[in-house]
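Chemist: Following this message is one structure expressed as structure tokens.
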Amino acid sequence: MQGYIVLLCSQIPYLLRVKTCSTLKIQLTVMNKTDFINAIADDSGLSKADAAKAVNSFMNVTKGALKGGDKVALVGFGTFSVSARSAREGRNPQTGATIKIAAKKVAKFKAGADLDGAIN
């Protein structure tokens, strides 16, 4: 599946050194859950139904572990963890009014060395 995103100049990292532009169009390839299951099935030789069960099981186990406050560390691939965000004040972009943003927990992923090495 392919998609496009449009970035405004203010969203472009300074490393690109773009001097003038109104928008920049970047083409992205996105792998959704069905594509991921099909790739797992092709790579492992499992049926698509078995690959779907494995992916769903991984997601459920990871979700349960994070909900319980645990980390999920897959050596070489990466670590899933939960981080707490404190309450803070923000601004409504339409009205400029100050709003309170509640504290919450967020899921994080830190790539492992093997994954980092594979993409760099």
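Chemist: Which entries of Lys48/Lys71; Lys67/Lys100; Lys67/Lys104; Lys63/Lys105; Lys71/Lys105 have Cα-Cα distances beyond 18 Å here?
Modeler: Pairs exceeding the cut-off: Lys48/Lys71; Lys67/Lys100.
Chemist: Report the antiparallel proportion of the DSSP beta bridges in region 71-120 as a percent, rounded to a multiple of 5.
Modeler: Looking only at bridges with both residues in region 71-120, the antiparallel portion is about 100 percent.
Chemist: Let me ask something additional. What does the extension gain come out to for Lys110 and Glu89, with contour length at 0.36 nm per residue minus their alpha carbon separation?
Modeler: Computed gain between Lys110 and Glu89 is 4.8 nm.
Chemist: Something else about it: Subtract the Cα-Cα distance of Val82 and Asn38 from 0.36 nm times their separation in residues, and report this length gain in nm to one decimal.
Modeler: 13.0 nm
Chemist: Distances over 15 Å make up what percent of all Cα-Cα pairs in region 47-110?
Modeler: Considering region 47-110, 66 percent of its Cα-Cα pairs are separated by more than 15 Å.
Any read-out appearing in this document is the output of simple, stated calculations on the displayed coordinates, not a laboratory observation. Only a predicted model underlies this, so the values are computations on that prediction, with no experimental measurement involved.
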